[in-house]
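The values are calculated or read from the model by the stated rules, or taken from the named source; none is laboratory data. What you are looking at is a predicted structure, and each value in this text was computed from that prediction instead of being measured. Backbone-built Cβ (ideal geometry, glycine too); neighbour counts: all protein chains shown. With ligands, DNA and RNA removed, areas are computed over all heavy atoms of the protein, side chains included. Shrake-Rupley method; radii C 1.70, N 1.55, O 1.52, S 1.80 Å.
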Amino acid sequence: MRYVTLTRAQGNNRAVIDGSVVPQGFPLEFAQEAVLVHGFRKMVRNLAYDVSEMALTTYLCAREHGVRFTALPVFLVRGFHHGAILVRRDGLITGAKQLTGRRVGVNRGYTVTTGVWGRAILDAEGGLDLDSVTWVRSGDEHVAGYRPPANVVSAPPGRTLIDLLKAGELDAVIGVDPDDPDVTPLIANPGEAGFAALRERGLYPINHLVVVKDDVLASEPGIAAAVFEAFAESKRRYVERLRSGTVENATDRMYARVLAETGADPLPYGLEPNRAVLEELMGHAVRQHILAAPVRLEDLFAPSTLDLAG
C-alpha cells in the first residue's frame with residue numbers, strides 16, 4: 001500500500017518527494033495540487049489524503065473542532081512576517097497604533113497562519129489593540145465549523161484587498177502579494193526587523209507542519225515515527241547543502257542566514273526544540289479568538305513522535 005501524501009516541493013522535503021528517502025515500510029504516493037491551500041481545505045473538510053502538509057493555525061483550529069487528524073512535529077515552513085503588513089505608500093499610516101478602530105484586510109480567512117503572525121506583530125511589537133480593529137477577510141475559513149468574532153467581516157465580492165486598500169476602504173492589509181507600486185510594508189526594512197526579532201526575543205515563526213489521518217495512525221502504529229524520520233533525513237540533506245553554500249532562491253537565502261546568524265539548524269524538527277514558539281503561537285491564537293483555550297502541546301502530536309528530534 002502507498003500512502004497518499006500532499007506536500008509542496010521545497011528544499012527540505014525534496015529527497016522525500018523524489019524518492020531518495022522513503023519512510024521505512026510506508027511508501028508515499030504524492031498528490032498534486034496547483035494551489036497548496038486548496039489541498040489544506042480538502043484535508044480539513046474531507047480528509048482527502050493520508051499524510052498532508054498543513055498550516056499550523058488551521059491545524060489547531062481543526063483539532064478544536066474535532067477533525068480526525070494528528071500532527072507530527074515536522075515543521076516544513078518557517079519565516080518572518082514583518083513584511084506581510086502593507087499600507088498605502090501615501091504615508092498616512094506609519095505605525096501600528098494608528099490602526100486602532102480602523103479596517104484591516106486579511107488574505108483568505110481570519111485563521112490563516114500568516115495573518116495570525118502578522119496580527120501578533122501588530123500586538124506585541126506595535127501595541128495595537130486587536131479587538132478594536134475590524135478585520136476584513138477576503139475568503140472564508142478552511143474549518144467550516146469555526147465562527148470568527150464579531151469584528152471579523154467579509155470583503156465585498158468582486159474586489160481584492162489591494163483594491164480596497166488603494167481606494168481608502170481599508171487602512172492596511174496582511175498577507176497579500178506586495179507587488180504593487182502604491183503599497184509598501186508598514187514596518188520599515190521588514191526583513192531586518194524579522195532578524196532583529198529573532199536575535200532579541202527568539203521569534204522564529206512556524207507556518208506549516210505535517211498531519212496524518214487518525215484512521216491511518218490507528219491502523220499503522222509505526223507510520224508516524226517512520227514519516228517523521230524520513231522528512232527529518234530529507235531536511236538534514238537540505239541543511240548540509242545550505243552549509244556548503246548551495247542557495248537557489250530567496251527561501252534558501254533566508255534559511256542560510258538563520259543558519260549563519262544562529263549557528264544552529266534553521267529547520268529543527270521535534271517538539272522540544274520548538275516548544276517556545278508553539279506556545280507563543282497558541283497564545284496569540286487564543287487572544288485572537290481562534291482557539292477557546294490553550295491546549296497541552298503533547299496532546300497535539302502523535303505520541304510516538306514526542307521524543308523524536310531531527
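Rounded, prolate or oblate: which one fits the range 131-226, using the alpha carbon gyration tensor with axes a ≥ b ≥ c (rounded when a/c is under 1.5, else prolate when a/b beats b/c, else oblate)? Taking the square roots of the gyration eigenvalues as a ≥ b ≥ c, the range 131-226 is oblate. Electrostatic tally near His208: other residues with Cβ closer than 10 Å to its Cβ, Lys and Arg +1, Asp and Glu -1, net +1. Answer rounded, prolate or oblate for the range 78-120, using the Cα gyration tensor with square roots of eigenvalues a ≥ b ≥ c: rounded when a/c is under 1.5, else prolate when a/b is larger than b/c, else oblate. The shape class here is prolate. Computing FRET efficiency as 1/(1 + (r/R0)^6) for Asn249 and Gln32, where r is the C-beta to C-beta distance and R0 is 22 Å, gives about 0.60. You can think of it this way: the chain between Arg287 and Val4 has 98.3 nm of extra reach, that is 0.36 nm per residue less the Cα-Cα gap. Under a Gaussian network description of the chain, with springs only between Cα atoms under 10 Å, the residue in His65, His81, His142 that fluctuates furthest is His65. Backbone amide hydrogens, once placed in the peptide plane, bring Ala172 within less than 5 Å of Gly105, excluding anything fewer than 5 places away on its chain. Charges were assigned to the Cβ only: +1 to each Lys and Arg, -1 to each Asp and Glu. The resulting dipole of the chain about its Cα centre is roughly 300 debye.
Where both bridge residues fall in the chain, DSSP classifies roughly 50% of the beta bridges as antiparallel.
Express the relative contact order of the chain as a whole percentage, based on alpha carbon pairs under 8 Å and six or more residues apart in sequence.
On the way: 541 pairs, mean separation 83.3, N = 310.
Relative contact order comes out at 27 percent.
A cut-off under 14 angstrom between Cβ atoms defines the neighbours of Ser219, and their net charge, with Lys, Arg +1 and Asp, Glu -1, is -2.
Taking a straight Cα-Cα cut-off under 15 Å and skipping sequence neighbours fewer than 8 places away in the same chain, the aspartates and glutamates within cross-link reach of Lys166 are Asp90, Asp177, Asp179, Asp180, Asp182.
Across Pro27, Pro205, Pro181, mean-square fluctuation computed from a Gaussian network of the chain (C-alpha pairs under 10 Å connected) peaks at Pro181. If R0 is taken as 35 Å, the Cβ-Cβ distance between Val22 and Asp140 corresponds to a FRET efficiency of 0.40.
Using the heavy atoms of the protein chains alone and a 1.4 angstrom probe, what is the accessible area of the chain per residue in square angstrom? Walk me through the intermediate numbers first.
On the way: 13140 Å² over 310 residues.
Normalised by residue count, the accessible surface of the chain is 42 Å².
In order along the range 17-22, the phi-based Karplus estimate (6.51 cos²θ - 1.76 cosθ + 1.60, θ = phi - 60°) of 3J(HN,Hα) comes to 5, 7, x, 5, 10, 10 Hz; Gly and Pro are listed as x.
By the gyration tensor of its Cα atoms, with a ≥ b ≥ c the square roots of the eigenvalues, what is the shape of the range 151-278: rounded for a/c under 1.5, prolate for a/b over b/c, or oblate? The partial results should precede the final answer.
Details: a/c = 2.38, a/b = 1.43, b/c = 1.66.
Note, shape of the range 151-278 comes out oblate.
What lysines could a cross-link reach from Lys42, if we take a straight Cα to Cα line under 23 Å and drop same-chain neighbours fewer than 8 places away? Cα-Cα hits under 23 Å: Lys213.
Pick from Ser138, Ser244, Ser154 the residue whose mean-square fluctuation is largest in a GNM of the chain, springs joining Cα atoms under 10 Å. The residue with the greatest mean-square fluctuation here is Ser244.
Any number yet on Rg/Rh for the range 64-201, C-alpha, Kirkwood? Please list the in-between numbers first.
Numbers: Rg = 15.3 Å, Rh = 15.8 Å.
On the Cα set of the range 64-201, Rg over Rh gives 0.97.
Per-atom-type breakdown for the chain gives carbon and sulfur 50% of the accessible area (1.4 Å probe, protein chains only).
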